[in-house]
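Down below is the structure, laid out as structure tokens.
The values are calculated or read from the model by the stated rules, or taken from the named source; none is laboratory data. Computed from a predicted structure; not experimentally measured. Cβ: placed from backbone, ideal geometry, glycine included. Neighbour counts: every protein chain shown.
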Amino acid sequence: MDASVTRQDPRYQALLRGHNLRFPENASMGPARIVVCTTPADVHRALQTAVHDGVRPTVRSGGHCYENFTANNPGGVLLDLSQLSTVDLDPRTGEYCIAPGAVLGDVYQSLYKRYGLTLPAGSCYSVGAGGHISGGGYGLLSRLQGLSSDWLEAIDILTVDASGKVIERRVDRKNDPDLFRACCGAGGAGFGIITAFRFKDLPVAPREVVEVGLRFPWDTMTEQQFIALLTTYGDYWATRGCDPDTWGLFALLGVGPKREDGWLGLHMQFCQPDGKVDDVSVLREFMAKFDRFNSELISSPHREFANAATKPTARQPASAAYKPKRIPWLEAATSDRSGGNGARAKYKSAYMKRSFVPAEARAIYRFYSGNSITARSSVISIDSYGGAVNRPQLAAETAIAQRSSTMKLQWQCYWFDPAEDAQHLRELDAFYTSIYTGEHVGPHHQGTPWGDRYEGCYMNYADIDMLRYPYWPELFYGRDGLYEFLQKVKQSYDPNNVFHHAMSIRPA
Ligand SMILES: Cc1cc2nc3c(=O)[nH]c(=O)nc-3n(C[C@H](O)[C@H](O)[C@H](O)COP(=O)(O)OP(=O)(O)OC[C@H]3O[C@@H](n4cnc5c(N)ncnc54)[C@H](O)[C@@H]3O)c2cc1C
């Protein structure tokens, strides 16, 4: 049974807010009503009522959207799907069925404990399946197993036809295959409301993994050393990191403010492609690349990188001193429940096909050596990427165009005071733009990660700043006709543009 929450209801303010406390920017932006649905039938009814009443529906599952695509709906209705949260085996079809409101941590627990399976999805426990899987969804196992949307077999979705009637569809490779493809990576971009993700096969979860961290003295690091560190990291993913025996290795290099006694942290998770950890030579070989940067070992990389570390000795660098400690994969996958809760935030992204050029690394070094308010409140996560994600046929079968990248970058900026909003948004945007300005970017794409070295941006890291570039669809959907395909799908399945937000697919 659904619950309808109007502005007068004491629950309204709490339900209006998603993960990012920056939204809604002002109270008048919020919808007239929030409908908390508990079954697909509730969603159907609420959607049909909204269309009948001529009000705009927006849909929220886990509430982790990076931009204000859901709460910004003056006079409209926000459909809250967070209570549709089951993870089950459908006895009729033999498919694993994940409801959109299920959060990733619970998805991992259910799939693993009941079936020994997993989904190569994200690292944050509380992200919702609804936006995450439909937008690609990647995480620590993606180099080994691809994106979570790559495994989809079918989707249950509600669309609205030209007459305003809500249509229930099960879409797959045979039924409405164009809509199915669109939902394998662009499902949150305005085609309908997904009520279930269905999977025939899912990857077997690794039995065990090792986690380890390295830290580098950041406060004393010179610009030249930083450039060398970043290019060493980037070179690995663009070369050796493409070999299948390395695909069980995931790494995240975090670059943040340069402070006294500060550190740069490199977090790694590893298992062999068969999901075991009998031989860590691939991991050790990777770690050895960083011995020359005076790296120190951190045994619990989830804790602060400023905690106790093992210093290298002349006889034993970090890669040699490392003693692997195997832990069950489930423990690693569900241990990190953080995620910037309670903060205002802005994010940006870039896919990289090759290593860093000195100009990029220099811009990053100089920004974080400065003392701007945004430099002190932000971090760039430089994630390893590629491997199984880059199987070339997937570009034509799904709605994720980026299938050649070897790193994925994410800018994250967090603060608490609303009075700082404008300054953070401006400074982060200027910093990001400066990195992609110069000879390493094509003359027509200055300020954006596009060209020989880059593959644009990730729609699940939505960033409305990119709308100022007339070619923004290219950045998110590539140049090989995917965006035009999605526009046709939009035209066929949402002819009245019922589902729209700032970055939804524009009708053809
Ligand atoms: C702390 C944090 C950690 C993250 N970590 C990762 C990560 O490791 N890997 C990664 O790939 N991404 C990550 N993300 C990004 C995340 O995948 C996206 O923000 C995702 O869209 C969130 O989905 P949601 O359901 O939680 O969000 P919501 O705000 O509910 O939805 C996001 C978008 O999807 C649409 N949508 C939601 N549900 C449906 C539905 N049922 N049908 C149709 N459209 C729908 C919404 O309308 C909205 O436009 C992270 C985000 C945060 C905040």
Return yes or no: is N68 out of contact with any strand residue (DSSP E or B) (no Cβ under 6 Å at 6 or more places or on another chain), under 21 Å from S134 (Cα atoms) and surrounded by fewer than 23 Cβ atoms within 10 Å (Cβ to Cβ)? yes
Tally the residues that are surrounded by 21 or more Cβ atoms within 10 Å (Cβ to Cβ) and part of a helix (DSSP H, G or I), restricting the search to segment 16-30. 1
Test: residue in segment 373-388 that is assigned to a loop (DSSP other than H, G, I, E, B) and either aromatic (F, W, Y) or within 30 Å of D176 (Cβ to Cβ) (or both): yes
Show the residue pairs meeting these rules: Cβ distance below 7 Å; 6+ apart or different chains; first residue within segment 418-445 and free of Cβ contacts under 8 Å to residues at least 40 places away in the same chain; second residue in a loop (DSSP other than H, G, I, E, B) and surrounded by 14 or more Cβ atoms within 10 Å (Cβ to Cβ). T433/G447; T437/Q446; T437/G447
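Per-residue answers, yes or no, for (1) among the small types (G, A, S); (2) within 16 Å of the ligand (Cβ to nearest atom); (3) farther than 25 Å from A333 by Cα:
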residue: L158; (1), (2), (3): no, yes, yes
residue: G164; (1), (2), (3): yes, no, yes
residue: R173; (1), (2), (3): no, no, yes
residue: D178; (1), (2), (3): no, no, yes
residue: V204; (1), (2), (3): no, no, no
residue: Y233; (1), (2), (3): no, no, no
residue: R240; (1), (2), (3): no, no, yes
Of the residues G213, G190, only one is buried (at least 19 other Cβ atoms within 10 Å of the Cβ), outside any strand (DSSP E or B) and in contact (Cβ under 8 Å) with a residue 24 or more places away in the chain; which? G190
Selected residue (only one of S163, S142, S148 is closer than 22 Å to Q83 by Cβ and among the polar types (S, T, N, Q)): S148
Among the residues of segment 411-423, are any assigned by TED's automatic domain parsing to the domain that holds F250, closer than 25 Å to A182 by Cβ and under 21 Å from the mean Cα position of the chain (by Cα)? no
With the structure loaded, tell me whether T448 is free of Cβ contacts under 8 Å to residues at least 60 places away in the same chain and under 28 Å from G139 (Cβ atoms) or whether it fails that test. yes
Taking segment 457-475 and keeping residues charged (D, E, K, R) and either within 15 Å of the ligand (Cβ to nearest atom) or within 22 Å of S404 (Cβ to Cβ) (or both) leaves D463, E474
With the structure loaded, tell me whether P418 is away from the ligand (no atom under 15 Å from the Cβ), surrounded by fewer than 23 Cβ atoms within 10 Å (Cβ to Cβ) and closer than 21 Å to A502 by Cβ or whether it fails that test. yes
So R11, is it within 13 Å of D80 (Cβ to Cβ), surrounded by fewer than 21 Cβ atoms within 10 Å (Cβ to Cβ) and within 13 Å of the ligand (Cβ to nearest atom): no
Requiring at least 1 residues that are more than 15 Å from the ligand (Cβ to nearest atom), the helices (runs of 4 or more DSSP H) wholly within segment 31-141 are 40-53, 104-115
